[in-house]
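Here the structure is laid out as structure tokens; the discussion comes afterwards.
The values are calculated or read from the model by the stated rules, or taken from the named source; none is laboratory data. A quick note: this is a predicted structure, and the numbers were derived from the prediction, not measured. Positions of Cβ are backbone-derived with ideal geometry, glycine not excepted, and every protein chain shown enters the neighbour counts. The area values use the complete protein model at the heavy-atom level, side chains included, leaving out ligands, DNA and RNA. Shrake-Rupley method; radii C 1.70, N 1.55, O 1.52, S 1.80 Å.
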Amino acid sequence: MANAPLNYTPVETNDTLQLSGDRIGDRIFLKIEELSGEKVFRCMQCGSCSAGCPMHDRMDIAPNQIWKLLQMGEHEKVKNSESIWACLSCFTCGVRCPKGIDLAKVMEAVRQLLVRKRLDRVDGNKIPKEILEEVPQIALISCLRKQSG
Amino acid sequence: MAKLKLGMYWAATCGGCDVSVLDTHERLLKIVEAADIYFWPIAMDFKYKDVEAMEDGFLDVCLFNGAIRNSENEHLAKLLRKKSKVMVAYGACAAFGGIPALANFTTREKILEKAYKTTVSTDNPQGVYPQPSTKMPEGEITIPEFYNHVYKLSDIVPVEYTIPGCPPPADLLMTAVEAIVTGKLPPAGSTIAGEKTLCDECPLEKSEKPVINDIKRPFQVIPDGKKCLLEQGLICMGPATRSGCGAACIKVNMPCRGCFGPAKDIKDQGAKMLSALASIVKFDDEQKADQIINSMVDATGTLYRFGGANAILSPRRTEGEKP
Amino acid sequence: MFEPKMICFYCKWCTYTGADLAGTSRMKYLPNGVVLKSMCSSRIDPQHILEAFKKGADGVLIGGCHYGDCHYVTGNQLTHNRVAMLQKILPDFGIDPHRLRIEWISAAEGAKLVKVINTFTEDLRAMGPRRSK
Amino acid sequence: MNKISYYPGCTLSNTAKNFDLSARESMKALGWELDELPRWNCCGTVYSLASDNLINHVAPIRLLVHTQELGRDKLTTLCSMCYHTLKMSNLMVQKDRDKLEKINFFTKDKDAEYKGRVEVLHLLEILKNDIGFANIKEKISRPLKGLKLASYYGCLLTRPKAAAIDDVEMPTIMGDLINSLGAQAVYDPCLTECCGSYHTVMDQEVVADKAERIISSAIKNGAEAIVTSCPLCFFNLDERQKNILEKTGKAYDLPILYFTQLLALGLGLGPEVCKFDLHHIDPRPLLKAKSII
Amino acid sequence: MEKIGVFVCHCGLNIAGTVDVKKVAEAISGYRDVAHAEEYKYMCSDPGQNLVIKAIKEKGLTGLVVAACSPTLHETTFRKAAQRAGLNPYKVEIANIREQCSWVHDDKALATSKAIKIVRTMVEKVRGDSPLETIKVDVTKKALVIGGGISGIQAALDIANSGYPVILVERQPSIGGHMAQLSETFPTLDCSQCILTPKMVDVSKHPNITLHTYSEVEDVSGYVGNFKVRIKKKAAYVDRDKCTGCGLCSEKCPSKNNSSEFERGMAFRKAIYTPFPQAVPNKPVIDRENCTYFQTGKCGVCAKVCTVGAINYEQQDEMIEEQVGSIVIATGYEVHPVSKFAEYGYGTIPDVIDGLQFERMLSASGPTEGEVKRPSDGKTPKEVVFIQCAGSRDPEKYFPYCSKICCMYTAKHAKLYKHKVHDGQPYVFYIDIRAGGKKYEEFVQQAIEEEKVVYLRGKVSRIYRDGDKVMVCGEDTLLGKKVEIAADLVVLASAITAQTDSRELAQKLKAAVDEFGFFSEAHPKLRPVESNTGGFFLAGAAQAPKDIPEAVAQASATAAKVTALFSGKYLEHEPIVATVVEDLCSGCRICVPACPYGAREYDKEKKVARVNEVLCEGCGACVSACASGATQQNNFSDQQFYEMISTALEESNV
């Protein structure tokens, strides 16, 4: 099929989410709820978690959207996101949430699902020497604790 | 008019009821004037065969005190019932089980163990328990069988009247005797005592809205002699106990223990007292209320001190244990 | 399977209405209980509870309004006190205090009522029949 | 001399000796000994948020067991990350006896069972509640006059609420300490913003971003230095000024100090306990300018 | 002997689908004292009711059990039917075999056997029921309205216009309430004062209304129809009869730096003051705390300048006693103060204000004379951020409920702001817009379309002071982007809360409040303006957050209820009350604290406890508390319970 030539680069198009009741509240969802100890459907999408998040600019999916995607059964999108790794567990979202739910715990739960399958984000062996020498011990350990299994 | 034929018997009891007859002092003569005593083991020598020899319904009145604790008690209750026209449960034990019925909250095994093995003064290295029957060279001898449950008299035989108390006050006895002598008996099934509860006779002052802030035991306070004992934190069974004693205990600063049993329309004295108590425990604060409730020592024993054989539920140890 | 018999005392304003809500919502629950309605849970006399056990109930449930929400202001607090005290002495009568349960169920909590009835029934099944009746 | 059990943690024994030494010496000057736990291990640095990761709580709980063995009921620590991990693990097992039992099952081979009665305290809490800022003020021999300081709490001292040593949104504990040392605490709205934390390992740029925001806000509000209580915050704010310079060409040169260093100076201890040579941005010129050293 | 009729309803298939109704009727027909049993498709229909009536008449039934739906639905229906047939209505009981049987069980056999049990227990209840008559009570045909805001004003006027005397009590020096503070009102933007003031004047002039301002209800005793009320008239130190309201005293008063409550702290007032120029009554009061004369004994300027000698420093609080038949609670609301919001700076940022403060700013008679000027430096703010749900919908930190009116007044604020500052830019952070009302949605859309108000969907996480700006950190969740606005002024749509002391008032009145301090209605749907306690009616925001039209509507509804109460010769009271057999009562008084209504009293003469039937609401708490058996409850006697318990536990042989 021939297309007329364009003089701009088209952006990546958005896909439509095909929702299914099978995924909403499924096993993975329950696992995430169990690991995090939070009730995902308590989120009412006020957005205050996103509004306060210091790492929002490094996230491809905004914090409040993480809740929403989980409610919609789109765990895969969450698992593949940059956001779960960007989250620092600084608890700003949790202390300001009007429903008292803690996104940091959900982020950790999703990370755990991955790192327990050896899908580590950071490989401890590949950290350059100069960084190893430079940063404080707590930075290294917490980095490995959060981003690898 | 012919003289009344009177019998008195004691079953599982302390003997206080028998003694209470003597509390009538010189009025005893009045009783003797009206009645001939045909059976009274504590005072006179009778044998069971003397009773067995009586015609059925020979006795006009039998004052039966004490609870039914063993086979002998039961046997005598049934025997005397047969020989008496009117059976009177005399005293708290016969009426409601009384102090012996506190045993209903434990088991026969535990009682025997305590009595024959674990008390400090026991010397019983073989751990021998009394047996209902024992073979001896001379032949088999039997002693009454110790029951697992203490019954009130009316559990065993029909009873016409109840005279409650531990022991019944002499005045009540005299009232009963007079009623019998004059034939002005209340309907069968009546209790010869007050209609209302003890608070009616109690001389102490009560406030408009009684409230309990904590529960104390009698040794922990010296009551001030004026204020309602319940409001001073002592568990006084007055509100749930039939009147008729003239508030004898209260007058010497002891809270009522409930020996007159429940009021007329009440099934369960302990439960009713519990309900009353719970209604005046400071209740706007759940935690505080629970604290007060939990501070009560031996709640069951306090609420059912005399009613162990008269509760709605038959007391039975912990669930699963054999009765 | 052992089918326990239960007496359920509901207050008219909260729990009874909550049970009605469960009905109008067509929720299903186990049929082991018979409901006796009173105006307030505070009308339930400890004697009634003992009588129920005497007559063979395996469990007694008392349903009232939530704390602070009683139609009669403080009635449920009295009920709480009485039940708490009664639970203390029930073992002396050979009754597991867990056979007496008190739950605050509001008129809006049909789902809670269903859960309470079902779990209570299950718990009673697990406890088995009462040894002494 | 009052004694309190002290857990330094890995970083204070290595890269953050300036924090450790100034704390020990100041406390000594205040009549308190920071009694280092005779045996200690790494706390794990982060409190594990996954509900089933009990093994991660073994390390912090073991430290509490050691404290318990000494017959003490309080354990203090300085590093925010250690504080947070110990505090949260402790709260968790205090709340959930079931989990405590399981953890004890892990630890009981070598150590005693934890009873759940040790209290985890940040040194700031001891200074405020046990010693009292007013008392500290009295003991100040060299008031830090003219020094304008922004307090920086970071994430873990005030969040989540259960672990907060002060108000979650508007903590003042460090500012109050600064004022009692004779310096002037300036308000900085970024006082609880996150510094980027461990991302400093993988993504220096983001940390530089966060640090720049915090530093520029402090400067805007008149601060001449930032006071912190965490070696990682310290590193990110201090060392990463290098990266800010690389990236933006801006040299903020804002000194970062530990609150214990200021305490030491105020109490008249020599600058040697502060080990200013460990700083990337040397605070000495500022301190000299204010005639503090 | 009783002759009881049992009528089993199929309710179409609602009951008959799960319960074998024929079997129920058969099983019950042989039961003790049952003289008649039948089933029918729809018992509540006319033919169904006629069956009942016919059976009562023909068989001389003495009691009735209708096995059908919940008693909340048709108990009254069948009681009335029974009455028509000459049977006492209290000898009728409903066996609930629909909501609590057929609808909740699937197994037909089990449901049927359970239905039989339910019917049997109700037969036992009816056997023990006594025929009762309703209790008749005289009524004092005078009403008390507590609170002089718009709800109280409307209720008072409506009752007074129906010809009944009304006492209106207001604790502030003037009536008018929060509505008097508002600038313009949505959605029509008419001036609040302009529509309110005439009503305030009407109140002061109405021959049937006695107005007590600067007064509080101290104590209420009695019961519906016959309340005794004590009102404390606080000392104003001004003789209100002499005072002409000339205002000279306020003008000359040297104590002027007192924060004005009416202006919500944004302006000062004198120590002798009227809260606002249109106040009713327009007579001043002295604020003792801030008055130089009261604090130092010197000054007395007001007394000197008063030409009629109305100043009276010796005035004392005065107690007034009144008899009333019913009470309208119209105590209104409060606004959650800015100083309580941690993430919004605990009130330390001067340019963060609440909605009511902004109203005063917008009001022509307000501290800025209607000009929008920010508090810190008086400059006109160019970037204004409105934050909705500040404290509302936040169960974790503040209040879980929706404050209901903020969506509308924020749109109004944004709009009015644009009217005043043409080059300004308003932003509104919202979670959801709730504009369900006549012309409400249109109003919000207008604000967006015509005034270019930027609506941002998200909650603000934090605001902080940044120089002379207020930094607002929020999120637009529709874009998934963080938003930061350097604002000049931030207006919080703070949560609407109950009056801070509503619980104390509730205790005095013995009326129920919910967990937030709002007065509870008797039924959320069917009795929304009545309190649980007889004789109390709820108007306006005392019950829940409400806008003006709703508050006025509810106020008029209470007036209708009050006049209906006053229209009859007597009041009728349910006879399901506690009773005392005096011969059995020993006067132990344990029943007294058990009663939440003060209906149990001790009779010192007879030394027994009595029941005040009119106060008794029939809960039965005292019956359980009574250990002597002297107290019973009509138709809920111990004996009935015992019979019902035994029956419920009998093995049914079905």
Looking at chain A, which Cys residues are left with no other cysteine's beta carbon under 4.7 Å from theirs? A:Cys43, A:Cys46, A:Cys53, A:Cys87, A:Cys97, A:Cys143
The farthest towards the positive end of the charge dipole of the range C:4-133, of the residues C:Cys14, C:Ile49, C:Val116, given +1 on Cβ of Lys and Arg and -1 on Cβ of Asp and Glu, is C:Ile49
Relative contact order for chain E, counting Cα pairs under 8 Å that sit 6 or more residues apart, in percent: 13
Report, to the nearest whole %, how much of the accessible area of the range E:574-634 belongs to carbon and sulfur atoms, 1.4 Å probe, protein only. 44
Most positive-pole-ward Cα, D:Phe19, A:Val115, B:Asn253, against dipole of the protein assembly as shown from beta carbon charges: B:Asn253
Take the Cα coordinates of the range E:235-315, assign each an equal point scatterer, and use the Debye formula without solvent to give log10 I(q)/I(0) at q = 0.11, 0.18 Å⁻¹. -0.24, -0.68
Quick one, can you get me the convex hull of the C-alpha atoms of the range A:9-70 expressed as volume per residue in Å³? 128
Taking Rh as the Kirkwood radius, which is the inverse of the mean 1/r over Cα pairs, what is the Rg/Rh value for the range E:1-114? 0.95
With all protein chains present, the range C:6-127 has a carbon and sulfur share of its accessible area (1.4 Å probe) in percent of 57
Cα-centre dipole for chain C with unit charges at Cβ (Lys and Arg positive, Asp and Glu negative), debye to 20: 260
Percent RCO, i.e. relative contact order, over the range D:2-123, from Cα pairs under 8 Å lying at least 6 residues apart: 29
Rounded to whole Å and sorted largest first, list the principal axis extents of the Cα atoms in the range D:142-289. 41, 37, 26
Rounded to whole Hz and in sequence order, give me ³J(HN,Hα) for the range C:43-48 from the Karplus expression 6.51 cos²θ - 1.76 cosθ + 1.60, θ = phi - 60°, writing x for Gly and Pro. 6, 6, 7, x, 4, 5
Buried accessible area between E and B, both sides, 1.4 Å probe, in Å² rounded to 100, is 2000
Leaving out ligands, DNA and RNA, what percent of the accessible area of the range E:42-129 is carbon and sulfur, probe 1.4 Å? 52
With every protein chain kept in place and a 1.4 Å probe, the range B:198-284 has an accessible area per residue in Å² of 39
Average partner chain C-beta neighbours within 10 Å, per residue of B:237-245? 3
Cα gyration tensor of the range D:36-111, axes a ≥ b ≥ c as square roots of the eigenvalues: rounded (a/c below 1.5), prolate (a/b > b/c) or oblate? oblate
Cα pairs beyond 19 Å in the range C:60-131, in percent, come to 43
Share of Cα-Cα pairs in chain E lying beyond 41 Å, as whole percent: 45
Describe numerically, in nm with one decimal, the distance between label points set 7 Å from Cα along Cα→Cβ at D:Arg39 and at B:Ala53. 9.0
Putting +1 on Lys and Arg Cβ atoms and -1 on Asp and Glu Cβ atoms, find which of D:Met170, B:Asn148, E:Tyr417 reaches farthest to the positive end of the dipole of the protein assembly as shown. B:Asn148
Treating only the Cβ of Lys, Arg, Asp and Glu as charged (+1, +1, -1, -1), what charge dipole size does the range B:184-323 show about its Cα centre? Round to the nearest 20 debye. 540
By how many nm would the segment from E:Lys54 to E:Glu289 grow when fully extended, if each residue of separation counts as 0.36 nm and the alpha-carbon distance is taken off? 77.1 nm
With each pseudo-label sitting 7 Å past Cα toward Cβ, what's the E:Thr72-A:Leu19 distance in nm, one decimal? 3.1
For the range E:248-264, just list the computed ³J(HN,Hα) in residue order, Karplus coefficients 6.51, -1.76 and 1.60, θ = phi - 60°, integers in Hz, with x standing in for Gly and Pro. 4, 4, 4, 4, 8, 4, x, 7, 10, 9, 9, 4, 7, 5, 4, 8, 6
Ranking request for peptides D:93-103, E:484-494, B:303-313: highest mean number of other beta-carbon atoms within 10 Å first, then the rest in descending order. B:303-313, E:484-494, D:93-103
Whole number in Å², please: accessible area per residue of the range E:195-276, 1.4 Å probe, ligands, DNA and RNA not counted. 46
Please report the base-10 log of the normalised intensity I(q)/I(0) for chain B, using a Debye sum with one equal scatterer per alpha carbon and no solvent, at each q in 0.11 (1/Å). -0.78
Calculated FRET efficiency for the pair E:Ala486/D:Lys95, C-beta based, R₀ 45 Å, to 0.05: 0.60
Taking the full set of protein chains and a 1.4 angstrom probe, give the accessible area of C:Thr17 in square angstrom, rounded to the nearest 10. 40
Interface residues in the range E:442-466 - accessible area drops by 20 Å² or more relative to the isolated chain, probe 1.4 Å: E:Arg457, E:Lys459, E:Ser461, E:Arg462, E:Tyr464, E:Arg465, E:Asp466
Normalise the Debye intensity by I(0) for the range B:198-303, one equal point scatterer per Cα, no solvent, then take log10 at q = 0.11, 0.13, 0.16, 0.17 Å⁻¹ and round to two decimals. -0.31, -0.44, -0.67, -0.76
At a probe radius of 1.4 Å, figure out the E/C buried accessible area, summed over both chains, and give it in Å² to the nearest 100. 3800
What is the ratio of the Cα radius of gyration of the range B:1-109 to 2.2 N^0.38 Å, where N is its residue count, to two decimals? 1.10
What is the projected area of the convex hull of the Cα atoms of the range E:335-498, averaged over all directions, in nm²? 9.4
Dividing the alpha-carbon Rg of the range D:1-127 by 2.2 N^0.38 Å yields what? 1.03
How many nm is it between the label spots at E:Ala564 and E:Asp432, if each spot is 7 Å from the Cα in line with the beta carbon? 3.2
On each of the three principal axes of the Cα atoms of chain A, give max minus min coordinate, whole Å, ordered largest first. 56, 43, 30
Cα to Cα, under 16 Å, and not fewer than 8 places away if on the same chain: which lysines meet these conditions relative to D:Lys95? D:Lys87, D:Lys115, D:Lys161
If the only charges are +1 at each Lys and Arg Cβ and -1 at each Asp and Glu Cβ, what is the size of the charge dipole of the protein assembly as shown around the Cα centre, to the nearest 20 debye? 260
Backbone N under 20 Å from the B:Leu112 label point (7 Å along Cα→Cβ), restricted to the range B:7-23: B:12
Taking only Cα atoms of the range A:42-123, the Rg to Rh ratio with Kirkwood Rh works out at 0.94
Spatial extent of the range E:544-611: Rg and Dmax, with the Cα atoms as the point set, Å: 19.6, 57
Provide the per residue accessible area, probe 1.4 Å, for the range A:17-98, rounded to a whole number of square angstrom. 37
What does the highest-first list of E:312-319, D:200-207, B:90-97, C:20-27 look like by mean Cβ count within 10 Å? B:90-97, D:200-207, C:20-27, E:312-319
I'd like to know how the range E:294-402 sits against the 2.2 N^0.38 Å rule of thumb: what's its Cα Rg over that expected value? 1.66
Taking the Cα centroid of the range E:620-654 and of the range B:204-235, what is the distance between the two, rounded to the nearest whole Å? 31
Can you check what the net charge comes to around B:Thr24, using other residues whose Cβ is under 13 Å from the Cβ of B:Thr24 (Lys, Arg +1; Asp, Glu -1)? -4
Kirkwood estimate for chain C, i.e. one over the average of 1/r between Cα atoms, Å: 14.7
How many partner chain Cβ atoms sit within 10 Å of a residue's Cβ in peptide A:100-113, on average, as a whole number? 3
With an 8 Å Cα cut-off and a minimum separation of 6 or more residues, compute the relative contact order for chain C in percent. 38
Cα convex hull of the protein assembly as shown, projected area averaged across orientations, nm²: 78.2
What accessible surface, in Å², does a 1.4 Å probe find on E:Thr500, ignoring ligands, DNA and RNA and rounding to the nearest 10? 120
Between chains A and D, what is the buried accessible area in Å², counting both sides, with a 1.4 Å probe and ligands, DNA and RNA left out, to the nearest 100? 3500
Per-residue mean of C-beta atoms belonging to partner chains within 10 Å, peptide E:510-519: 2
Cα-only Rg/Rh for the range E:142-223 with Kirkwood Rh rounds to 1.01
Volume per residue (Å³) of the convex hull spanned by the alpha carbons of chain D is 120
